[in-house]
Amino acid sequence: MNNRTIPIVAAPELRQRKRSAPKGRVVDPAALAEVQKLLGRAERSPALLIEHLHKLQDHFGHLSARHLAALAREMGLAQTEVYEVATFYHHFDVVKEGGEAPAALTVRVCESLSCEMAGAQDLLKRLPAILGSDVRVIAAPCIGRCEQAPAVAVGQHPLAHASTASVQAAVAAGHTRHEPEGHVDFDAYREEGGYALLKTCIAGELDVEDIIKELEGSGLRGLGGAGFPAGRKWRIVRNEAAPRLMAVNIDEGEPGTFKDRVYLERDPHRFLEGMLIAAWAVGIAGIYIYLRDEYHGCRAMLEAELDKLRARPPWPGMPVIELRRGAGAYICGEESAMIESIEGKRGMPRLRPPYVAQVGLFGRPTLEHNFETLYWVREILEKGGTWFASQGRNGRKGLRSFSVSGRVKSPGVKLAPAGITIRELIAEYCGGMADGQTFYGYLPGGASGGILPASLGDIPLDFDTLQPYGCFIGSAAVVVLSDQDTAVGAARNLMRFFQHESCGQCTPCRNGTAKASALIEQDKWDLDLLADLSAVMRDASICGLGQAAPNPVDCVVKYFPEELT
């Protein structure tokens, strides 16, 4: 036997015939011309796919099959690749061939827990008949305005404490976008000493090691939910090989959370200065800010302020800053899913290791931070880490921005000492319970943080204090329940949310959330089956969504058994 390679030749009838046209839908020349005109001179990089989909959606009101095919041709992508990204995100309306385009105006009624408690379901029932067929009314997951429940978005115009009358008026007025008013702009921020600290860093008057030690001494941890020590993260990424990138998460989609939006609306440059100090300290070559699509007005404001910053940079070598737009996907609050989205892909969490600090954006070491973490950098460095660490209560350290909603007199963002209890928070910062309401229970960390009864209202609210009770603080999204609510009702609302927002990548989360939602809708819960399901989801889900989704159900079983009898 010789060692020659034997060529493999397919039988004639199995040989692939040469295609007369590219695989997929034939591109309509008119649609291609429309896409080319709309994109103009913008780059056709695959990383900009979601940005370009937004341009099409904004201009045409939906994404037609002919335009998706044309976009794929223009960007040099497979049509399936464009289609799977477009259909992954909730805010893209993909219309199949021969399908009917949605109404020109969409009214989104938030049905998250705080809004449901405030009457969102009644709005969903009444608005379609009132507004007529020219307006599409749909239920939406949390839109980040829980303190304004029930919250509604008319186009991109948010309405606080919405009613049928206010929605009608907004539709008649043709509102499409609302931009925040009264924020500290670039000039005002500089007049108040803004960017002076950054300039001191750039001038070499402050040492990187001293700054990192100051952050470590402050105890500042990631305030998006994970709680990883900020100083340690800077140190880890700084030790990785250049070029290094930075990703900033302002996607806060956790039901009950709105603190980042409130701070962004008030003082955007305090965040931007903290971001640039972090970039200088870690040696960042490029920065990507990921802002959720529901914050449409914030995006216009932030882009305008970024333009001012670029025109008069406080740092001659300031990294390029890109603002990327989410498209309606809670899962993109998970750091690796966010990175996938920034790269123009479906927001599906990555398997780890490697971690994003080693292999993140575009394969480079990446410093990933939540908005609020960076918002505190300037003040901590100016006042000292000891100042920040001394603010705690009940043996804890630091300050926390609690997003409080639900049955309290004064909901909103409450800056309070870390370690404050829910009873103290309600009494001292929220004006007490709403009239006629008795404190019954609370969510200490948004949808995924679990549910606790009023009898456990003296637990210090901070990282690491709630885990013994099967809960966690996460992004400090506190939803207060009264005797007019039930924990069972809350769990049903939350599990429907998780089912809707699961990315579908892994079976334990995709099927588990659907199965759990169906089980708890029953009058009698199958506790043994729910326990088995919870264990599988916690042990086998890829990311925190599936791992934490059972928390509300497990808490009902553990702390509210009387509701199940």
Review point. Counting other Cβ atoms within 10 Å, which GluC sites (Glu not before Pro) in the stretch 86-126 have at most 13 and lie in a DSSP loop?
Key: E97, E100
Practice item. As a check on your grasp of the helix formula, calculate [θ] at 222 nm for the chain: sum -39500 (n - 2.57) over DSSP H runs of n ≥ 4, divide by the residue count, round to the nearest 500. Key: -12000 deg cm²/dmol
Practice item. Skip the ligands, DNA and RNA, and give the accessible area per residue of the chain with a 1.4 Å probe, whole Å². Key: 42 Å²
Review point. Which percent of the accessible heavy-atom area of the stretch 193-316 goes to carbon and sulfur, probe 1.4 angstrom?
Key: 50 percent
Study note, to complete from the structure: Per the C-alpha gyration tensor (a ≥ b ≥ c, the square roots of its eigenvalues), the chain is rounded if a/c is under 1.5, else prolate if a/b beats b/c, else oblate; here it's rounded
Practice item. Using only Cα positions of the stretch 503-545, each an equal point scatterer, no hydration layer, compute I(q)/I(0) via Debye at q = 0.17, 0.26 Å⁻¹ and quote the log10 values to two decimals. Key: -0.43, -0.87
Revision key, fill the gap. Among A86, H67, M318, the residue whose Cα sits farthest towards the positive end of the charge dipole of the chain (+1 at Cβ of Lys and Arg, -1 at Cβ of Asp and Glu, taken about the Cα centre) is H67
Practice item. Please identify the cysteines of the chain that lack any partner cysteine with a Cβ under 4.7 Å from their own Cβ. Key: C142, C146, C201, C298, C332, C430, C471, C503, C506, C509, C543, C555
Point to revise | Nearest-20 debye value, the stretch 23-74 charge dipole, Cβ charges on Lys, Arg, Asp, Glu | key: 180 debye
Check your understanding: Around I542, what is the net charge, scoring Lys/Arg as +1 and Asp/Glu as -1 over all other residues with Cβ under 11 Å from its Cβ?
Key -> +2
Check your understanding: Among residues other than F439 whose Cβ falls under 15 Å from its Cβ, what is the net charge (Lys/Arg +1, Asp/Glu -1)?
Key -> -3
**Study point:** Computed magnitude of the charge dipole of the chain (debye, nearest 20; Cβ of K, R +1, Cβ of D, E -1)
**Key:** 1780 debye
Review point. Can you pull the Kirkwood radius for the stretch 129-270, inverse mean 1/r over Cα pairs, to one decimal in Å?
Key: 19.1 Å
**Study point:** Portion, in percent, of the accessible area of the stretch 327-481 that falls on carbon or sulfur, probe 1.4 Å
**Key:** 50 percent
Point to revise | Placed amide H near L367: partners under 5 Å, 5+ positions off or other chain | key: L245, M246, A247
**Study point:** FRET efficiency for E181 and E379, using Cβ-Cβ distance with R0 set to 22 Å, rounded to 0.05
**Key:** 0.35
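The values are calculated or read from the model by the stated rules, or taken from the named source; none is laboratory data. If you're wondering where the values come from, they're calculated on a predicted model, not measured in any experiment. As a convention, Cβ positions derive from the backbone with ideal geometry for all residues, glycine included, and neighbour counts pool all protein chains shown. What goes into the accessible areas is simple: the full protein's heavy atoms, side chains included, and nothing from ligands, DNA or RNA. Shrake-Rupley method; radii C 1.70, N 1.55, O 1.52, S 1.80 Å.
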